[in-house]
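Written below as structure tokens is the structure these notes are about.
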Amino acid sequence: MKESKMIIIEGPQGTGKTTLANYLRENIAGSNLYRLSGQKDKTSKGLKYSIAMYDALLNYLDAMQNIPMDLIFDRTFMTEEVYGRLGYKEYSFTEIYKDLVKRLNSLSYDIYYFSLYLKDVELFRERLTRDSHHNYQSFSVENSVNQQNKYLEIARELENYDNINVIKLPMDDFEQSYNQVRKILKINKN
């Protein structure tokens with residue numbers, strides 16, 4: 001077992017990423033929470049910014065890997081790839097994404113990748129109406145379902161990496177989801 005955990009939480013708007021990330025930060029002592037939203041330039045020029053941003057992130061993670069601290073990420077470069085696959089960007093991120101995943105896999109963390117989804121897609125409508133969101137991408141049930149499918153596709157691909165523990169986590173009922181996460185991450189309930 002490695003000294004530190006890296007927990008990556010991904011999924012479409014309305015699944016409960018922020019809720020789960022906050023829960024983990026409050027229940028894992030000595031953890032740091034990072035919220036990433038990518039960069040705002042969707043044009044082909046934005047690709048260079050994304051490359052620089054995520055290269056710097058992997059360099060940071062490499063430098064931090066021997067410090068006994070658990071890291072929690074509310075989104076990472078997987079979102080950039082999902083948005084690229086869905087055509088929200090004018091550029092393809094796939095080749096850079098593949099290199100980033102290889103670099104991530106080589107780090108000395110216990111890596112847990114949580115791909116959040118909703119079994120009952122009607123919950124998207126309720127949550128997207130209730131919650132405030134950033135205006136990067138328009139929010140709708142259809143967009144969230146399309147994103148959910150892409151995030152689950154990425155989760156299946158990540159299962160091929162030996163150092164990335166992939167967990168597809170339904171978030172229809174938060175308490176049930178927390179119970180599952182506590183077991184996986186060996187978190188004692190306070």
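Seen from ARG75, the other residues with C-beta closer than 10 Å to its C-beta sum to a net charge of -1, counting Lys and Arg as +1 and Asp and Glu as -1. Between TYR112 and MET6, ILE7, ILE8, ASN165, the built amide H atoms are under 5 Å apart, and every one of these is 5 or more places off in sequence or on another chain. Once you mark the trypsin sites (Lys or Arg not before Pro) that are in a DSSP loop and have at most 14 other Cβ atoms within 10 Å, what is the longest gap between them in the chain? The segment 46-118 is the longest one with no such site. Rounded, prolate or oblate for segment 5-103? Axes are the square roots of the Cα gyration tensor eigenvalues, ordered a ≥ b ≥ c, and the cut-off for rounded is a/c under 1.5. Since a/c reaches 1.5 but b/c is at least a/b, the shape of segment 5-103 is classed as oblate.
Please give the Cα centre distance for segment 1-69 versus segment 90-105, rounded to the nearest Å. A separation of 15 Å, based on Cα centres. In this calculation the C-beta distance from SER37 to SER140 is compared with R0 = 22 Å, giving a FRET efficiency of 0.75.
Using a probe of 1.4 angstrom, how much of the accessible area of segment 27-163 is carbon and sulfur, in percent? For segment 27-163, the apolar C and S fraction of the accessible surface comes to 49 percent. The residues of the chain expose on average 50 square angstrom of accessible surface per residue, using a 1.4 Å probe on protein heavy atoms.
In a simple Cβ point-charge model (Lys, Arg +1; Asp, Glu -1; nothing else charged), segment 49-190 has a dipole of about 240 debye relative to its Cα centre.
Once a ≥ b ≥ c are taken as the square roots of the eigenvalues of the Cα gyration tensor of segment 41-190, is the result rounded (a/c under 1.5), prolate (a/b larger than b/c) or oblate (a/b not larger than b/c)? In terms of gyration-tensor shape, oblate.
The values are calculated or read from the model by the stated rules, or taken from the named source; none is laboratory data. None of these values were measured; they are calculated from a predicted model. Virtual Cβ from ideal backbone geometry, glycine too; neighbours counted across all protein chains shown. With ligands, DNA and RNA removed, areas are computed over all heavy atoms of the protein, side chains included. Shrake-Rupley method; radii C 1.70, N 1.55, O 1.52, S 1.80 Å.
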